[in-house]
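These notes concern the structure reproduced below.
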Amino acid sequence: MPENIDTQEPTEVSEADTTDATTDTADTTPASSGGEAAKYRVERNQARAERDAAIAQVQALQRSIIDGLCENAAVQPRALWLTTELSDLVNDDGTVNTEAVSAALGRARDELGIPLPAKGTFVPNAGKMPTRPPATDRWSDAFSPQNRRR
């Protein structure tokens, strides 16, 4: 064994030895700066995760509002998202810009060839005539007073 530690030449130390030495000093020193830094890093990472979750929730709410506007305009929401980004439809304060949504819906209709919905009430088969006249109702003929005594 060397007599004086200061005069000893430095030797190669493996990474495992250095980690053991740092963890030992961190455990024995109650107010070490490394422990506080680790604590602050953990808090920072948690705050970032919470921020990211809040941003995702706000964007989901914005998308749901815009999807509702799309359905009111008789356009599938996915048609709008093919032609437009969310950031183009939102104001700086985070509210949905309905004028920008209307303009984006117009662009989506033009680019994708989506027709405008017909005005008025939709009545299926309105104006169509049957190819042959309907058959007479024989039950009503059987019980009508005219046919009773013939």
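Values in this text are rule-based calculations from the coordinates and carry no lab data. Every value quoted in this text rests on a predicted model; they were computed, and no experiment measured them. Virtual Cβ from ideal backbone geometry, glycine too; neighbours counted across all protein chains shown.
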Quick calc: nm separation of the 7 Å Cα→Cβ label points for residue 67 and residue 38 -> 4.3
With point charges of +1 on the Cβ of Lys and Arg and -1 on the Cβ of Asp and Glu, referenced to the Cα centre of segment 51-134, which listed residue (64, 96, 54) lies farthest in the positive direction of the dipole?
64
Would you please give the FRET efficiency between residue 122 and residue 53, computed as 1/(1 + (r/R0)^6) with r the Cβ-Cβ distance and R0 = 41 Å, to the nearest 0.05?
0.45
